Amino acid sequence: MAAKQNKPSKWKIFTAGIIRENPVLRLVLGCCSALAVTTTVSGAVGMALSMTFVLVGSNIVISALRKVIPDKVHLPCYIVVIATFVTVVEMVVHAYVPDLYSALGVFLPLIVVNCIILGRAEMFACKNTVVDSALDGLGMGCGYLLTMFLMSSIREIIGSGSWMGIQLLPESLDKFSLMNPCIWVERKLNKPIERKTCGEVLLEDQAKQAAAAEGGAEQ
């Protein structure tokens, strides 16, 4: 009874990956692909949807086979399961969305070794039921999707002045000028760094030692 009471609800399992355990912002996993494909919103969303499909599918299969997979070879088995779903995604994207396939490049097949998917397989799917594992994968995928969407939106607007093909900033605008407010705020919030040479630091130490010696002599 105590184990059932301590078990989190289905809603908590689903929402954990969106905020509390966001794979990119909180767990800092999958950052390489997140930084590489977020130059455009379309590429970032395509990558996130592919990741979500692989996450949910691999979590379900690994959870269903958790009592069958031997402990000594569990990691190779997980990679085989994940690689199967990645191959399906790669073939579908290549056949129906060739532009997205070209944009994602090598990062699409590299989903096989993505830390997010392997981490959830090792930390959650192999220890929980199929339903909970599916919810965990879906929640992590949604958190990854939201993060990728926000990052790509900011980078595309600042980088090219457009958002999903819609021109928001004039082409004549100097994009680096958008950084001026950030620099101004940073300088207001942080004190300037005081830089000293080694000689100045040494002289200050000697002055402090002399003052301390004088104080001791007076006492």
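Points to keep in mind about this one:
- Flag if Tyr96 is surrounded by 17 or more Cβ atoms within 10 Å (Cβ to Cβ), among the hydroxyl-bearing types (Ser, Thr, Tyr) and either out of contact with any Lys or Arg (no Cβ under 9 Å at 6 or more places or on another chain) or within 18 Å of Leu138 (Cβ to Cβ) (or both): no
- Qualifying residue in the range 146-161 (condition: modelled with pLDDT under 85, surrounded by fewer than 14 Cβ atoms within 10 Å (Cβ to Cβ) and out of contact with any strand residue (DSSP E or B) (no Cβ under 6 Å at 6 or more places or on another chain)): yes
- In the range 74-120, the qualifying residues are those that are of a type in the set (Val, Ile, Thr) and within 21 Å of Thr39 (Cα to Cα), and the one that is nearest to the chain's Cα centre (by Cα) is Ile116.
- Residue tally, condition part of a helix (DSSP H, G or I) and either at pLDDT 90 or above or closer than 21 Å to Trp163 by Cβ (or both), over the range 19-32: 0
- Restricted to the range 53-73, and to residues there that are of a type outside the set (A, V, I, L, M), more than 23 Å from the chain's Cα centre (by Cα) and closer than 25 Å to Phe14 by Cα, the residue that is surrounded by the fewest Cβ atoms within 10 Å (Cβ to Cβ) is Lys67.
The values are calculated or read from the model by the stated rules, or taken from the named source; none is laboratory data. This one's a predicted model, so the numbers in the text were calculated from it and none came from an experiment. Note that each Cβ is placed from the backbone with ideal geometry, even for glycine, and that neighbours are counted across all protein chains shown.
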